[in-house]
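Chemist: What follows is a single structure, and I will ask about it in a moment.
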Amino acid sequence: MRLIVSYYGVGLFASAIVAGAVAVIAWKRTVTPVGRVLGLLMTAVFTWAMAAAFEAAAPDQATKVLLAKIEFLGIAATPVLVFLFATGYSRSGSRLKPLRAAALWIIPAATVALAVTNEAHGLVWSGFSTAEGTRAGFLVYHHGPFFWVHAGYSYLLLFATAVALLLAFFRFKGVFRRQALLLLLAFPLPWAANALYLAGLAGAERGYDFTPVGFACSGFFLIWAMFRLRLVDIVPVAQERVIESMGESLIIVDRAGRLTATNPAARRLMAEAGGPPEDIPESKVLGRPAAELFPGWPALAAGLGGSAVPARELAWVREGGTRYFDLRLTPVVGPGAFNAGQVAILYDITRIKNAETSAVAARRVAETLREAGVTLSSNLDFKQITSLILELLKRVIPYDIGAFMTVEGNDLKLAAIKRPSDTRSLIGETYPLTGSRLCHVAIQKGRPLISAITGPDDILLPFRLDKGAHSFLGVPIVFRDRAIGLIALYNFEAEPFSEDAARVAELFASQAAIALDNSRRIEQMELLAVTDQLTGLYNRRAFAGMAAKEVGRSRRYRRPLALILFDIDHFKAVNDTHGHPMGDQVLQVLTRLVSKTIRATDVICRYGGDEFLVLMPEAGREEALAMAERLREEISRMTVVTPGGTLTLTVSLGVADLDPAGDEDIDGLINRADRAMYQAKAAGRGQVRG
């Protein structure tokens, strides 16, 4: 069968190639479900464009009709995938519920089924004719009633897509706003082409449908967004997820006391205080004053609408009893030190206050607990939290040895210890959970355990006890029904720990659980913000800040500064031959080797893909060249064992040094090192140039 070549067909084929390339890039680069949806979307466009290209080239009518049916696989799927991508992106990577997602596919599935069986009913196209004046004999389809049902449904989804992206543009900031803007520019192109086709314009009377070509144009926008703005690498506004998952109530108000942001815990509190229902969308409550949101709690409404007092305690009297909260306010400072509002966090301290009023004898306990709650809520350092818990417990529960341990799989890791000064330091050591019967039982039960110590196996820690321990109190630290740690107290006295001591320790443990979880969240966020997830090296953002400071210091004090840029030769072949997991392993092994080779004062960054930067303060050109040569030799001797055999690598390195008297910035220094690296590649790879 001889194919008919036409400009239109070639354009469709080129569009298919672009769509396929975008799909492959999106699938390879993505670390989020949103990126996978984008890959599926461009796969559908590829199917559509490729089938349309072959239809344009087919010489006979029967083949053209068959290919038109294949096109409907992409035509029907594309609007739904565009909508799923836009909603997933605008909602920070969250997915629709399965039933709602399945419902979106009902009309597309029916469209494909009716297109395949169109000869029996003519619902998708009622007939077709050969376009006049075209050598290729393009078919002009006369659309049937169900085609317009699908078209209307598609444009409804596209309208929803535009709304989602517009909302994302106005809600996001920084790089995510630029991503949203690029998407807003990209997606209208194919639908404008499709609208012209449906209106019978732009060559539609000759059988031309330029919608796939429009998607190809959009593909260039998407490629730019993926490489320059990391469209499928990072999830927008990850900070909002952290806020949504906070157990405490978060309320942000503007200068006039009107709500600008909140979280689910606060919305539950609003509903309990007679305000809007918990399940009402957040958009319905934004902009409303605090008095409307908390009508049954005027003290809180006054606190939110008044002047910003850093912290205050609020009582909320209800029919079921009184609840107590610690309200902490932080001003939101806008440009020019302008007070734009305040952030309020409500900590529920009801249990602490109830302990205060339970008995006069418990006054000291309650005061200490309150101090612990306030201190822990404002302290996010893990080591300080663990030591502080033991110190505060010592005030209210007499004990001789106290240990704070975290659960690490099947082990307990000692985070803090308060013990006689003659015992050696054990911080950081781990012990099998099954090595101590009492600790194991306390973790399994999930509640405080008081027990007599009957033998050495009941003591987890390997310290020497001249007097001998007689009583044990183990209090698991439980967060969301999972034990994340254990407070273990030992007493030399024969009198065992009391039930009151266990209850007090449990209160401390409940506060410690929240504080520890918040501490770990903040540590994880701070680490993710400055490091590369795969290698653990500094990312480009963190490196840019440090490098700018080093450039400024070099100029200020007229000190030398050099930079090495290198990448792995033929690294794509490693991924293609051995797979991306093995490629990731190669990057990790190389990272460890480079980190051991460079100086302690040098700064290493994963610049992107298999490219790395090494910034060398107090080093001139010759020293940098020597270090680059050393790196080249060390890496060339490195081996990685793969299922297909032993793998060796070479790298090409470029070196550049800063002229302290010039005005070159870090980007200029990187560009010069980049040019030097490509000179090394041009010279045969596995070399150093500078």
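Only the coordinates and a few stated rules stand behind these numbers; no lab work does. Just so you know, these numbers come straight off a predicted model, no measurement behind them. Note: ideal-geometry Cβ built from the backbone for every residue, glycine included; neighbour counts use all protein chains shown.
Chemist: Relative contact order, percent, of the range 540-689 when contacts are C-alpha pairs under 8 Å separated by at least 6 residues?
Modeler: Result for the range 540-689 is 32 percent.
Chemist: Under a straight-distance cross-link criterion of Cα-Cα below 29 Å, which lysines are reachable from K284, leaving out those fewer than 8 residues away in the same chain?
Modeler: Partners within reach: K97, K173.
Chemist: Only Lys, Arg, Asp and Glu count, each charged at its Cβ (+1, +1, -1, -1), so figure out the dipole size of the range 495-644 about its Cα centre, rounded to 20 debye.
Modeler: Computed charge dipole of the range 495-644: roughly 900 debye.
Chemist: Can you compute the modelled spin-label distance between N671 and E618, with each label point 7 Å from Cα toward Cβ, in nm?
Modeler: Taking the two extended label points, one gets 3.1 nm.
Chemist: Starting from the Cα gyration tensor of the range 540-689, take the square roots of the eigenvalues, sort them a ≥ b ≥ c, and report rounded, prolate or oblate (rounded when a/c is under 1.5, otherwise prolate if a/b is larger than b/c, else oblate).
Modeler: Prolate.
Chemist: Which chymotrypsin sites (Phe, Trp or Tyr not before Pro) from the range 48-120 combine a DSSP loop assignment with at most 16 other Cβ atoms within 10 Å? Show your work: numbers first, answer last.
Modeler: Values: sites: W48, F54, F72, F83, F85, Y89, W105; in loops: W105.
Filter output for the range 48-120: W105.
Chemist: H142 versus D659, label points 7 Å from Cα toward the beta carbon: distance in nm?
Modeler: 7.6 nm
Chemist: Scan around G686 for amide H atoms under 5 Å from its own, H built in the peptide plane at 1.01 Å from N, and keep only partners 5 or more places away or cross-chain.
Modeler: Counting only residues 5 or more places away or on other chains, the set is V651, S652.
Chemist: Answer with one residue from G127, Y197, V80: the one whose Cα lies farthest towards the positive end of the charge dipole of the range 7-228, charges on Cβ with Lys, Arg +1 and Asp, Glu -1.
Modeler: Projecting each Cα onto the dipole axis, the largest value belongs to V80.
Chemist: Then there is this: For a Förster distance of 25 Å, can you work out the FRET efficiency between the beta-carbons of E282 and R541, rounded to the nearest 0.05?
Modeler: 0.30
Chemist: Taking only C-alpha pairs under 8 Å that are 6+ residues apart, what is the relative contact order of the range 1-129 in percent?
Modeler: In percent, rounded to a whole number, it is 23.
Chemist: List the lysines whose alpha-carbon lies under 18 Å from that of K394, not counting same-chain residues fewer than 8 positions away?
Modeler: Cross-link targets: K383, K418.
Chemist: Taking a ≥ b ≥ c as the square roots of the eigenvalues of the Cα gyration tensor of the range 7-228, is the shape rounded (a/c under 1.5), prolate (a/b larger than b/c) or oblate? The partial results should precede the final answer.
Modeler: Details: a/c = 2.05, a/b = 1.59, b/c = 1.29.
Cα axes put the range 7-228 in the prolate bin.
Chemist: Can you pull the one-decimal nm distance between simple spin-label points at D411 and F227, each 7 Å off the Cα toward Cβ?
Modeler: Those two pseudo-labels are separated by 4.5 nm.
Chemist: How high is the FRET efficiency between A600 and A21 when r is their beta carbon distance and R₀ equals 45 Å, given to the nearest 0.05?
Modeler: Working: r = 43 Å, r/R0 = 0.96.
The calculated FRET efficiency here is 0.55.
Chemist: Can you work out the Karplus-derived ³J(HN,Hα) for every residue in the range 253-263? Use 6.51 cos²θ - 1.76 cosθ + 1.60 with θ = phi - 60°, whole Hz, and x for glycine or proline.
Modeler: 10, 7, 4, 8, x, 9, 5, 10, 6, 7, 9
Chemist: Figure the gain on full extension for N354 and K394 (residue separation times 0.36 nm, minus the Cα-Cα span) and round it to one decimal in nm. Present the calculation step by step, with values, prior to reporting the outcome.
Modeler: Numbers: separation 40, 0.36 × 40 = 14.40 nm, distance 2.09 nm.
Length difference between fully extended and current span is 12.3 nm.
Chemist: Excluding residues on the same chain fewer than 8 positions from K572, give the lysines whose Cα lies under 20 Å from its Cα.
Modeler: K28, K681
Chemist: Work out how much length T430 to Q588 would gain on full extension: take 0.36 nm times their residue separation and subtract the Cα-Cα distance, in nm to one decimal.
Modeler: Values: separation 158, 0.36 × 158 = 56.88 nm, distance 2.60 nm.
Between T430 and Q588, full extension yields an extra 54.3 nm.
Chemist: Any chance you could run the full-extension gain for Q679 through K173? It's 0.36 nm times the residue separation minus the Cα-Cα distance, nm to one decimal.
Modeler: Values: separation 506, 0.36 × 506 = 182.16 nm, distance 3.87 nm.
So the chain would gain 178.3 nm between Q679 and K173.
Chemist: Choose one of M546, T577, A673: the residue whose Cα lies farthest towards the positive end of the charge dipole of the range 540-689 (beta-carbon charges +1 Lys, Arg; -1 Asp, Glu; about the Cα centre).
Modeler: M546
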